[in-house]
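The values are calculated or read from the model by the stated rules, or taken from the named source; none is laboratory data. Treat the numbers as computed from the prediction; the structure is a model and nothing was measured. Cβ atoms come from the backbone with ideal geometry, glycine included; neighbour counts cover every protein chain shown.
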Ligand code: SAH
């Protein structure tokens, strides 16, 4: 076990790293060297940052400083190639981060083999991949269909812990950011807009220091209206997705109690006012719950709600879980719902569940260690 660092460098941007170096009577370019070592070369230990003079490394570690990488505690590998990582932090807390390769060789057969064979890993069978990132340990929002809600919220993640999840997975997968296409979705455990400042700082680190374009990032919110407004004013920001999940206040309130605080009128008001960029669309996610929000009438209500918004809709058939009091609708019902939106010229996609067999799919992240088979 590594010794818990008293302060972590991972999470500081170049300006803050420069300040640290200058305080130690070092030239300011040491800040850039530190940032490159941490965020580009993914060096694990301060002692291994050989671009820095040994005296600086020793002085920082002497004060309890370390880079402060999160630890991969466990990997769960799905038949479809998805990997759910259990990632631990210095205080013993943990979250989950999900790696979803596209076109992974493991999709057709056994994902485990594809992963364990290092030669195959290095050949990079995938052409692009998506990492799903957590923003809090647990969640306070209490959506009735989501397993993360069962944990309650333990704490916010720091910016370094949010960006650190991405770095740890990039390193584990040997990703070359310059040549490989990585998308980030901030849709893991937690509500990013209830940890807004740390989330935004992580975004800036990932854009400026790690080198992932913001256009390849999407954040999803349950609908924290004041933060949607703040988010619209950010110079650097991911794309925005809003979890709709109900087509009128009554049904949305029954599945997302937060609708009592910010109802559909306020939510859609913020959506309408949101300053979209050229060709950008707002994404609305809609979890289909059998017999609850998936009737044709609900679809028609969604069409009316989204009228005049440059939107696209992602339909997600419920991913089931223990103590979730809903059922997954049959495919015909999902298709019917989709057709009504299509007929109204709304771009609408049915999200393919990834990693359901290992509890890695949407709404299934609750640090499950024992794997039961979900048929
Ligand atoms: N807190 C944020 C991001 C995490 S949830 C939010 O609420 O948007 C990411 C997406 O998964 C949301 O759209 C949510 O509605 C959906 N989701 C949650 N539980 C689900 C489940 N059991 N099955 C399918 N989708 C689910």
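Note on segment 100-128: residues that are out of contact with any strand residue (DSSP E or B) (no Cβ under 6 Å at 6 or more places or on another chain) and at pLDDT below 65 amount to 19. Checking residue 177 against (1) more than 28 Å from residue 154 (Cβ to Cβ); (2) at pLDDT 95 or above: exactly one of these is not met. Which one? Every condition holds for residue 177 apart from (2). Against the conditions (1) under 27 Å from residue 270 (Cβ atoms); (2) surrounded by fewer than 16 Cβ atoms within 10 Å (Cβ to Cβ); (3) away from the ligand (no atom under 15 Å from the Cβ), residue 336 satisfies every one except (1).
Candidates 310, 352, 330, 304: the one that is modelled with pLDDT under 95 and either loosely packed, with under 15 Cβ neighbours inside 10 Å or within 12 Å of the ligand (Cβ to nearest atom) (or both) is 352.
Just to verify a result, which residue in segment 138-171, among those that are out of contact with any helix residue (DSSP H, G or I) (no Cβ under 9 Å at 6 or more places or on another chain) and in a loop (DSSP other than H, G, I, E, B), is farthest from the ligand (Cβ to nearest atom)? It comes out as 152. The residues listed here are 207, 203, 153; of these, the one that is surrounded by fewer than 23 Cβ atoms within 10 Å (Cβ to Cβ), within 26 Å of residue 42 (Cα to Cα) and modelled with pLDDT of 95 or more is 207. The set of residues in segment 311-349 that are in contact with a strand residue (DSSP E or B) (Cβ under 7 Å, 6 or more places away or on another chain) and more than 22 Å from residue 248 (Cβ to Cβ) comprises 347, 349.
Residue by residue, here is whether (1) in contact (Cβ under 8 Å) with a residue 12 or more places away in the chain; (2) surrounded by 17 or more Cβ atoms within 10 Å (Cβ to Cβ); (3) closer than 14 Å to residue 167 by Cα; (4) in contact with a strand residue (DSSP E or B) (Cβ under 8 Å, 6 or more places away or on another chain) holds:
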{"residue": "8", "(1), (2), (3), (4)": "yes, yes, no, yes"}
{"residue": "22", "(1), (2), (3), (4)": "no, no, no, no"}
{"residue": "27", "(1), (2), (3), (4)": "no, no, no, no"}
{"residue": "43", "(1), (2), (3), (4)": "yes, yes, yes, no"}
{"residue": "50", "(1), (2), (3), (4)": "no, no, no, no"}
{"residue": "69", "(1), (2), (3), (4)": "yes, yes, yes, yes"}
{"residue": "85", "(1), (2), (3), (4)": "yes, yes, yes, yes"}
{"residue": "98", "(1), (2), (3), (4)": "yes, yes, yes, yes"}
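Residue count for segment 317-327 satisfying the condition of being surrounded by fewer than 17 Cβ atoms within 10 Å (Cβ to Cβ) and over 16 Å from residue 245 (Cα atoms): 2.
The residues listed here are 368, 283; of these, the one that is within 25 Å of the chain's Cα centre (by Cα), more than 29 Å from residue 231 (Cβ to Cβ) and within 15 Å of the ligand (Cβ to nearest atom) is 368. Considering the conditions (1) more than 19 Å from residue 147 (Cα to Cα); (2) touching a helix residue (DSSP H, G or I) at 6+ places or on another chain (Cβ under 6 Å); (3) at pLDDT below 95, residue 89 is excluded by exactly one of them, (3).
Yes or no, residue by residue, for (1) in a helix (DSSP H, G or I); (2) surrounded by 14 or more Cβ atoms within 10 Å (Cβ to Cβ); (3) touching a helix residue (DSSP H, G or I) at 6+ places or on another chain (Cβ under 6 Å):
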{"site": "241", "(1), (2), (3)": "no, yes, no"}
{"site": "269", "(1), (2), (3)": "yes, yes, no"}
{"site": "283", "(1), (2), (3)": "no, yes, no"}
{"site": "291", "(1), (2), (3)": "no, no, no"}
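Can you report the number of residues in segment 243-263 which are buried (at least 21 other Cβ atoms within 10 Å of the Cβ) and in a loop (DSSP other than H, G, I, E, B)? Qualifying residue count for the region: 5.
Restricting attention to segment 126-137, the residues being under 18 Å from residue 86 (Cβ atoms) and in a loop (DSSP other than H, G, I, E, B) number 3.
Look at segment 179-227 and say how many of its residues are assigned to a helix (DSSP H, G or I) and within 10 Å of the ligand (Cβ to nearest atom). Residues that pass the stated criteria total 3.
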